[in-house]
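Enquirer: The structure follows.
The values are calculated or read from the model by the stated rules, or taken from the named source; none is laboratory data. Predicted, not measured: the structure shown is a model, and the values here were computed from it. With ideal geometry, Cβ positions are generated from the backbone for all residues, glycine too; neighbour counts draw on all protein chains shown. Ligands, DNA and RNA are stripped out before the accessible areas are found, and what is left, the full protein with its side chains, is counted by its heavy atoms. Shrake-Rupley method; radii C 1.70, N 1.55, O 1.52, S 1.80 Å.
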2 protein chains.
Amino acid sequence: MAFELVSSARCFGGEQRTLRHLSAVTGTPMRLAVFLPPQSSGQRCPMVIYLSGLTCTEDNVMAKAGAQRVAAELGLVFVAPDTSPRGDGVPDDAAWELGQGASYYLDARRMPWATHFRMESYLVDELLPMLCGALPVQASQVGLMGHSMGGHGALTLALRHPSKFRSVSALSPIVAPSQVPWGKKALEAYLGEDEDSWREHDACALLQRHRFDGTLRVDQGDADPFYQEQLQTWLLAQRCEEVGQAADIRIHAGYDHSYFFVASFIEEHLRHHAAALSTGRDKE
Amino acid sequence: MAFELVSSARCFGGEQRTLRHLSAVTGTPMRLAVFLPPQSSGQRCPMVIYLSGLTCTEDNVMAKAGAQRVAAELGLVFVAPDTSPRGDGVPDDAAWELGQGASYYLDARRMPWATHFRMESYLVDELLPMLCGALPVQASQVGLMGHSMGGHGALTLALRHPSKFRSVSALSPIVAPSQVPWGKKALEAYLGEDEDSWREHDACALLQRHRFDGTLRVDQGDADPFYQEQLQTWLLAQRCEEVGQAADIRIHAGYDHSYFFVASFIEEHLRHHAAALSTGRDKE
């Protein structure tokens, strides 16, 4: 299936696109947003995939984060998938932290979710090859980042699929979903009551057996209302220290969970990815 | 009346605020958004007021334009008022280009608009002094800019109140509302059928008698769907040339009317204002 162009706008000398395609994995139409930097008109560029947080679509980061300016400077293709399958035939939940807009980027095993909520397979096995085929990107130079639930997605997918992603970073991520209320609710709904299966989608738990061959860059605001109960960034810092995972985890005084925080620090994240992707030094 | 704090978030080392106050001029509560750069915690800073376009609120530019990064670097207080009075007791129109969200930044003379739609007096006589009193700003160093209908507002208010604003710029502005469909509809609704009164709120017409003591900086995309019929930027360029008004009017290939355009060029506008406001050379 090919991408269909929904909209296009010039932005910082490059092109901002919204695309749509019918996913064989989720069984639904899926939307995504893509920024093509000016450099990509003449050559293949590294790509950074950004996974968004609860309730977001592919649009939020493209409208609010200011990523395009930096991606245009650095020559990065910047891609934002949607946060879940959507539509009338797709199950949902009345709570905003479960169902549509809240996939947790895993393959659900329980009904009613298991039919469509297969975001891990969608992203890794379907969308990533499609992007590498359809866009001017270097398939060996792909970074993964995310915000909040998308930070969880970035950390877990990079640890689970280390051959696919050469760099990883997260803003305000959920780092230990099997230990916090949001995560427990979602993991039980999607995977069932076997808590061993939850730990396969928990960055702190995965780090007991997996390493990422590169530095985990993480930023977190200490005025984030979800910091103490849902995010608990210190658990990731402790685990990285215990197991010897390279990590650069920074706590920022006064910042909250909003896109004002994301916008303030996304430049540093994109520079982290560009450095790793252009030199390959994070993945020799 | 004092400002009430609706929300606050740290952003690029400064503070993003949404404020609300009861306006004596419009007779309604009014909202606005303010970015205070880090420099403003220790000193008074120049201020740029941004007037938004049709259908916008005080939120759009703050969420989408990436202005805070540049304002934080340059030490500019950046303020976005709402685009009209709003609320249950305020008249409106079914069309999106008239009524709430579409004030045209003038004082309406016809009913039902005349009671509340007094945005020119609100901005110049009420909000501006309030901002200078309540925020760490230099009252003599204020710039005015806007997008689309807000570009019209910036150009006309700067020409009508030259002692208040030392620098002016516009992105995708309506430059001759008395000659184009959007503008004719609004000016007739708000001012009545006397077309002489329309020209008091038309930048191209005002330039026949007024000059701005500084350069009008204007940027416009040539793929903007409103360019040919509603904006007609060339009318402003011709008028500035005829009357000897300093102007820097740039047409950009491929850009549309969206905030992807605004985001791409707002840095240049803020640097234009910062240069004029810090040196005062545009208003010796």
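Enquirer: Which of the aspartates and glutamates could a cross-linker bridge to A:Lys184, judged by Cα under 17 Å and excluding same-chain residues fewer than eight apart?
Expert: Correct list for A:Lys184: A:Asp93, A:Glu97, A:Asp107, A:Glu193, A:Asp194, A:Glu195, A:Asp196, A:Glu200, A:Asp202, A:Glu229.
Enquirer: Then there is this: So which residue, out of A:Leu135, A:Leu207, A:Leu76, gets the largest mean-square fluctuation from a GNM of chain A using Cα contacts under 10 Å as springs?
Expert: A:Leu135
Enquirer: May I ask for the distance between the Cα centers of region B:168-220 and region A:194-249, given as a whole number of Å?
Expert: Centre-to-centre distance over Cα atoms comes out at 56 Å.
Enquirer: Here is a further query. Between copies, how far apart are the B:Lys185 label points? List them in nm, one decimal, shortest first, with each point 7 Å from Cα toward Cβ, please?
Expert: Spacings between copies for this position, smallest first, are 4.4 nm.
Enquirer: Inter-copy label distances at B:Ser140, 7 Å along the Cα→beta-carbon direction, one decimal in nm, shortest first?
Expert: Ordered by increasing distance: 6.3 nm.
Enquirer: Still on this structure, I have one more. Name the residue from B:Ala67, B:Gly27, B:Ala80 whose Cα lies farthest towards the positive end of the charge dipole of the protein assembly as shown, charges +1 on Cβ of Lys and Arg and -1 on Cβ of Asp and Glu.
Expert: B:Ala67
Enquirer: Taking region A:179-251, which trypsin sites (Lys or Arg not before Pro) meet the DSSP loop condition and have no more than 12 other C-beta atoms within 10 Å?
Expert: A:Arg209
Enquirer: So which residue of B has the beta-carbon closest to the axis that swings B onto A, and how many whole Å away?
Expert: Residue nearest the B-to-A axis, with distance in whole Å: B:Gly66, 2.
Enquirer: On to the next question. Quick one: with label points 7 Å out along Cα→Cβ, list the inter-copy distances for A:Ser197 in nm, shortest first?
Expert: Computed spacing set for this position: 7.1 nm.
Enquirer: Per-residue ellipticity at 222 nm for the protein assembly as shown, helices alone: DSSP H runs ≥ 4 residues times -39500 (n - 2.57), over residue total, nearest 500 deg cm²/dmol?
Expert: Working: 18 runs with 169 residues, N = 568.
Only helices count here, giving -8500 deg cm²/dmol.
Enquirer: If you don't mind, there's one more thing I want to ask. Comparing B:Ser169, B:Ser40, B:Ser148, which has the greatest mean-square fluctuation in the GNM of chain B with Cα pairs linked when under 10 Å apart?
Expert: Maximum among the listed residues: B:Ser40.
Enquirer: Taking a probe of 1.4 angstrom, what is the accessible area of B:Ile249 in Å², to the nearest 10?
Expert: Spelled out: B:Ile249, probe radius 1.4 Å, area about 50 Å².
Enquirer: Return the whole-Å distance between the Cα centroid of region B:97-155 and the Cα centroid of region B:1-33.
Expert: Spelled out, the Cα-based centre of one part sits 15 Å from the other.
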